[in-house]
Amino acid sequence: SDNTVTAAKIGSNAVTAAKFNADVISGQTALSSAPADTDEFLVSDAGVLKRIDYSLIKGGGAYTKLLSTTVSSGVSEVAFNSTYITSTYTDYKIIIQNLLGASEADFRLYISTDNGSSFKDGFKYGVQGVDSNNGTAISNNDTEDAGFISISGGSALRAEADANAYFEINLFGHSDTASCVSAHITGGYENNSGRGVVVRGYGFDNETPRTFNYVKVAFNSGNIDKGFFTLYGRSV
């Protein structure tokens, strides 16, 4: 009768593979994100069932996707705060795709130590843009004690609908007080003269506090009208 078969009445080896229905896994609720480090998997260790935490099999040294933001109408900036920039990761990467500004302007990176209440202002940076057709340097920005790092090298991005820009920003030193906060930049865009520009650059701030927990990107004039922004964290 109902409720009379208890665990005590089932033999230790009585539940075999043939007793499991085919949907014993697929019939369960699915996770909507990557497993937590303490989430458990069931494995067969040479025929003996054991459990293993996800932290032991997820791998290390690779970048983990933390957040993606799609901009389809005008916003003044795109920011990543201390919810995502934490001591979990040693450094960070921002990938920017299909970037378009409302007006022709310089694209910039701002870094904060207090979750966006204020921004570091002692940056030294050099960013160079090179004409992709003949290798001629058409923008070269070398600045000290700035409140930002120029991503586009001081040359304005073209603001036409088909003039999309692409950048990769690598950020270092977010929690190591012995190291400077720094950024390495690569990318490409069409400038306001209609010429293709390949960008490379580096910026750093060695003034205390030598940490950060918030970054944002924005034009020095006008909104971001379009773009896809993704933040990754890397642990070693």
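The values are calculated or read from the model by the stated rules, or taken from the named source; none is laboratory data. Keep in mind that what you see is a predicted model, and the values were worked out from it rather than measured. Virtual Cβ from ideal backbone geometry, glycine too; neighbours counted across all protein chains shown. All accessible areas refer to the heavy atoms of the entire protein, side chains included, with ligands and DNA or RNA removed. Shrake-Rupley method; radii C 1.70, N 1.55, O 1.52, S 1.80 Å.
Here is how the numbers come out for the structure above:
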{"quantity": "Qualifying position, being within 26 Å of residue 76 (Cβ to Cβ), loosely packed, with under 15 Cβ neighbours inside 10 Å and at pLDDT below 85, among 145, 114, 121", "calculated": "145"}
{"quantity": "Inter-residue pairs, beta-carbon under 7 Å, first modelled with pLDDT under 95 and part of a loop (DSSP other than H, G, I, E, B) and in segment 77-97, second open to solvent by 70 Å² or more (accessible area, probe 1.4 Å) and aliphatic (A, V, I, L, M), 6+ apart", "calculated": "90/236"}
{"quantity": "Residue satisfying all of: in segment 158-188; at pLDDT 80 or above and of a type in the set (Ser, Thr, Tyr); surrounded by the most Cβ atoms within 10 Å (Cβ to Cβ) among these", "calculated": "182"}
{"quantity": "Answer residue from segment 189-201, given it is in a strand (DSSP E or B) and under 14 Å from residue 100 (Cβ atoms) and is most open to solvent (accessible area, probe 1.4 Å) among those", "calculated": "190"}
{"quantity": "Failed criterion for residue 65 (all others in (1) in a loop (DSSP other than H, G, I, E, B); (2) open to solvent by 90 Å² or more (accessible area, probe 1.4 Å); (3) within 24 Å of residue 172 (Cβ to Cβ) hold)", "calculated": "(1)"}
{"quantity": "Pairs with Cβ under 6 Å, 6+ apart, first in segment 121-132 and under 15 Å from residue 167 (Cα atoms), second modelled with pLDDT under 80 and of a type outside the set (A, V, I, L, M)", "calculated": "127/141; 127/153; 128/140; 128/153; 129/139; 129/153; 129/155"}
{"quantity": "Long-range neighbours under 8 Å by Cβ, at least six apart or interchain, first residue without any contact (Cβ under 8 Å) to a residue 12 or more places away in the chain and surrounded by fewer than 10 Cβ atoms within 10 Å (Cβ to Cβ) within segment 44-59, second part of a strand (DSSP E or B) and aliphatic (A, V, I, L, M)", "calculated": "49/42; 49/43; 51/42; 51/43"}
{"quantity": "Unique residue being more than 29 Å from residue 89 (Cβ to Cβ) and either over 36 Å from the mean Cα position of the chain (by Cα) or in contact (Cβ under 8 Å) with a residue 40 or more places away in the chain (or both) when the list is 14, 62", "calculated": "14"}
{"quantity": "Check on residue 73, in a loop (DSSP other than H, G, I, E, B) and over 30 Å from residue 160 (Cβ atoms)", "calculated": "no"}
{"quantity": "Flag for residue 155 being of a type in the set (Ser, Thr, Tyr), over 22 Å from the mean Cα position of the chain (by Cα), farther than 25 Å from residue 72 by Cβ and crowded, with 22+ Cβ neighbours inside 10 Å", "calculated": "yes"}
{"quantity": "Residue 37 being of a type outside the set (Val, Ile, Thr) and either out of contact with any His (no Cβ under 8 Å at 6 or more places or on another chain) or free of Cβ contacts under 8 Å to residues at least 12 places away in the same chain (or both)", "calculated": "yes"}
{"quantity": "Any hit, segment 74-89, residues being more than 16 Å from the chain's Cα centre (by Cα), open to solvent by 50 Å² or more (accessible area, probe 1.4 Å) and among the small types (Gly, Ala, Ser)", "calculated": "yes"}
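Quick grid of which residues meet (1) touching a Gly at 6+ places or on another chain (Cβ under 6 Å); (2) closer than 19 Å to residue 105 by Cα:
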site	(1), (2)
170	no, no
176	no, no
185	yes, yes
188	no, yes
194	no, yes
198	yes, yes
203	no, no
206	no, no
209	no, no
